[in-house]
Amino acid sequence: MKKSIYALALGLVFIACDKEDEYNGVAWNEAIDGELSGTMSSPTPITLRNGDNRIIGTSTPASGAQCTTFEGGPPAPVIPFFPNHESYTDLISFTLSANQRLIGIKVEALEVTPVHSVDDFPCVGPLDLQMGAFTAINNSNQIDWNSENVINFISLPNQHPLVGMGFAKAVGDDLLAKYRQDFPLPGYEGINTPSLDVTDGAYTFWWKEGANQASYTLNFMVQEIN
């Protein structure tokens, strides 16, 4: 009887090892694992392993887009405002150990289809002239931001501040590299720094594409360090 129990336990160990070895570099696939969270205070928790960790997702804009302005802002309604962000934002949180470092966030696939087009909303501009999906990262397990009104929409988080932000425009982009470069719009100096080091702590990654439907594959590449 003891031999049978030992054999069963050994078999379970081998099965667990086989499942571990079956990891194919995909940390989350919305078609299999479900929709990523669009709630800023509760991102989808993801486990990042050493090596490749692909996130495969799709974001779809909500209805109610506007070209608007605000008191003290531009006189003409030139600000794109997209309420109901839960549908077009994707958020993941992850924790890295002191022996892990994020060395890249590579855009491996990106297909973009206009939903709120320039024909109906001139402020968004033609697709080929848009800057891409807004992405960002912070050193926390959540992000404080909402789309309840245009002021909140154009504001940045302050309780859980961003440590890097950039646009995902094309296949081959490395978002982490963009987070270490100057942000291409004025007024956001000091957020991106060349010294950004993503290691040993909790982080939240933010994807936001309010004008277009976007299907993407992002590879969070993690290196083991000593």
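A compact table of results
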read-out	value
Hull volume in cubic angstrom per residue (convex hull over the Cα atoms of the chain)	147 Å³
Mean ellipticity per residue at 222 nm, deg cm²/dmol - from DSSP H runs of n ≥ 4 across the chain, formula -39500 (n - 2.57)	-4000 deg cm²/dmol
The chain: Lys pairs at Cα distance under 16 angstrom, eight or more positions apart or on different chains	5
Rounded to 10°, Cα long-axis angle of helix 2-21 versus longest principal axis of the chain	30 degrees
DSSP bridge orientation in the chain - percent antiparallel, rounded to nearest 5	90 percent
Label point distance in nm, L127-T199, each placed 7 Å from Cα along Cα→Cβ	4.1 nm
Among G172, G164, G187, residue whose mean-square fluctuation peaks in a GNM of the chain (springs only between Cα atoms under 10 Å)	G187
Quarter of the Cα convex hull surface for the range 99-226, i.e. its orientation-mean projected area (nm²)	8.5 nm²
Stretchable slack from I32 to Q223, in nm (0.36 nm times residue separation minus alpha-carbon distance)	66.2 nm
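Each value in this text was obtained by applying a stated rule to the coordinates, not by laboratory testing. Model, not experiment: these values are computed from the prediction. Note: ideal-geometry Cβ built from the backbone for every residue, glycine included; neighbour counts use all protein chains shown.
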